[in-house]
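Worksheet: the structure to be examined is printed underneath.
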Amino acid sequence: MTTLPAPGSSPRTRVRRLAENAVTDRDHAYAILDAGLVAHVAVITDGQPFVVPVGYARRGDEVIIHGSSASRLFKTLATGTPTCLTVTLLDGLVLARSLFESSMNYRTVMVLGTPRLVTGEEEIAALLDLSESLMPGRTADARHPLPQELKATITLALPLDEISVKVSEGPPEDVPEDLVDPIYSRIWAGYVPIVESFGAPVADDLAADIPVPAYVTSWRR
């Protein structure tokens, strides 16, 4: 079994700005990825950079993404074009006694690498894992992809070989002068947590008289 390098261990992923916020534990990185729902994926086509939000799921030591076979981004990535994928979880706003020191609490993972095209039975398994990650319980209930739907889909796996992890948490770090200033020391400071949660399920017209599945009402974030 190959041991993957620790996060931030390559020159391209080493955290230089606020290096104290760097995380080198791979399990911590995977926990962040498992908690997220949306990633941003970069690609350059015809000299123009694009960054596109996509649903994703971690599958072992890879991240699975999928999109339309007509998508310029996915067609480009399917040819073996290097990319950068990022996932950020925003945990709060940090209010310091100065605007300059005010910031955010967050957890973020950056992945550098070249995605591979996933096909055949592996693609079906990967798409089911992706659906189950985003909507736990749904794969046992909803119809699975038809051949023509698979044909209209590009599924990619991005290896988690080269990653960077950065976490910022806790109260503000004010400059010492503000802490003793007669005016600024009297300003409220701290942080305001941001909590993501699911709302009450809303049925479409056809499902208006069908009970909401228990797996949906059990979703928590």
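Just from its helices, what would the mean residue ellipticity at 222 nm be for the chain, if runs of 4 or more DSSP H residues each count -39500 (n - 2.57) and the sum is divided by every residue, rounded to the nearest 500 deg cm²/dmol?
Details: 6 runs with 45 residues, N = 221.
Dividing the helical sum by the residues of the chain leaves -5500 deg cm²/dmol.
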(message) Please report the net charge: other residues with Cβ closer than 13 Å to the Cβ of residue 63, K and R +1, D and E -1.
(response) -3
(request) Give, as a single signed number, the net charge of other residues whose beta carbon lies under 15 Å from the beta carbon of residue 13, with Lys and Arg counted +1 and Asp and Glu -1. (result) +3
(message) If you take every residue apart from residue 79 with its C-beta less than 14 Å away from the C-beta of residue 79, what net charge results, scoring Lys and Arg +1 and Asp and Glu -1?
(response) +2
(message) Taking the 0 to 90 degree range and rounding to the nearest ten, how far is the long axis of helix 26-35 tilted relative to the main principal axis of the chain, both from C-alpha atoms?
(response) 70
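Using Cβ contacts closer than 10 Å as the measure, can you line up 131, 10 from fewest to most?
Numbers: 131 19, 10 14.
Ranked by crowding around the Cβ, least crowded first: 10, 131.
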(request) Treating only the Cβ atoms of Lys and Arg (+1) and Asp and Glu (-1) as charged, compute the dipole magnitude of region 19-217 about its Cα centre; round to the nearest 20 debye. (result) 540
(request) Give me the distance between the Cα centres of region 1-65 and region 66-133, rounded to whole Å. (result) 7
(message) Can you order the peptides 15-22, 140-147 by their average number of other Cβ atoms within 10 Å per residue, highest first?
(response) 15-22, 140-147
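FYI, it's all coordinate maths here, none of it is from the lab. Treat the numbers as computed from the prediction; the structure is a model and nothing was measured. Note that we place each Cβ from the backbone using ideal geometry, even for glycine, and neighbour counts take in every protein chain shown.
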